[in-house]
Amino acid sequence: MSNVAAYLVKEALKDGNEVTIRAMRPDDKERLVQAFLHLQPQTIRTRFFYPKKTLSEDDLRWLDEISHGNHVGLVATVPSGCEELIIGEGSYAVLGRTAELGFTVAEAWQGVGIASRLLQHLASIARDQGVAEFEAYVLQENEPMLAVFRRSGLPMTTRYAEGVLHVTLVLDSPAAPR
């Protein structure tokens with residue numbers, strides 16, 4: 001799929017809820033800030049490694065440049081009244097043939113497969129862009145995220161450095177699921 005900006009799929013989760021996975025758009029800034037403000041401190045720490053109070057304009061600036069393709073973001077949303085509620089996000093920034101990957105899922109939606117779905121879709125988009133591997137930095141105690149990576153079917157290596165696990169997922173190996 002060459003046009004990442006038009007990316008949109010609907011999927012049923014393990015619990016039967018339907019979720020929309022779509023490309024992030026510049027108009028998602030306010031929704032992302034709202035979603036962030038509802039996160040627990042522990043969730044914020046596992047994503048950013050430090051207590052962060054809000055998403056800054058700097059954190060969100062890449063959304064304005066999303067069409068340039070070196071930063072790809074997907075959100076998982078559910079209907080909320082006449083709005084849509086962002087319940088998870090996954091994104092990567094391309095650095096040559098590698099891309100650094102990160103996820104956040106709202107606490108109420110953790111454990112139903114959202115990060116796994118986001119990872120599958122991001123891997124597919126990244127392969128189309130010629131990305132060979134994902135890298136992620138994960139706190140050692142973030143077992144749920146490590147489990148998502150382990151269950152992805154992607155060949156995975158981990159290296160421990162400075163209190164953080166450096167995870168590498170290979171996208172273009174013969175063993176990687178397509």
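The values are calculated or read from the model by the stated rules, or taken from the named source; none is laboratory data. As the structure is a computational prediction, the values presented were derived from the model and not from experiment. Surface accessibility is based on the protein's heavy atoms, side chains included, excluding ligands, DNA and RNA. Shrake-Rupley method; radii C 1.70, N 1.55, O 1.52, S 1.80 Å.
Remarks
- Distance between the range 79-101 and the range 147-163 - C-alpha centres, whole angstrom: 19 Å
- Derived scalar couplings ³J(HN,Hα) [the range 52-58; Karplus, 6.51 cos²θ - 1.76 cosθ + 1.60; whole Hz; x for Gly, Pro]: 10, 8, 7, 8, 8, 4, 4
- Here the Gaussian network model covers the chain, with springs between Cα atoms less than 10 Å apart; of Glu162, Glu100, Glu143, Glu162 fluctuates the most.
- Springs join every pair of Cα atoms under 10 Å in this Gaussian network model of the chain, and among Ala35, Ala136, Ala12 the largest mean-square fluctuation is at Ala12.
- Rounded, prolate or oblate (a/c below 1.5 giving rounded, otherwise prolate when a/b exceeds b/c) for the chain by Cα gyration tensor: rounded
- Cross-link partners for Lys29 among the lysines, with Cα-Cα distance under 16 Å and sequence neighbours closer than 8 places in the same chain left out: Lys53.
- Taking the chain as a Gaussian network of alpha-carbon nodes connected by springs under 10 Å, the highest mean-square fluctuation of the residues His38, His166, His71 belongs to His38.
- Along the range 9-21 the Karplus relation, 6.51 cos²θ - 1.76 cosθ + 1.60 evaluated at θ = phi - 60°, assigns HN-Hα couplings of 9, 10, 9, 8, 7, 3, 8, x, 5, 9, 10, 9, 10 Hz to successive residues, with x for each Gly and Pro.
- Estimated vicinal HN-Hα couplings, Hz - the range 163-170 in sequence order (Karplus 6.51, -1.76, 1.60; Gly, Pro = x): x, 10, 8, 9, 9, 10, 10, 8
- Carbon/sulfur fraction of accessible area - the chain, other protein chains in place, 1.4 Å, %: 53 percent
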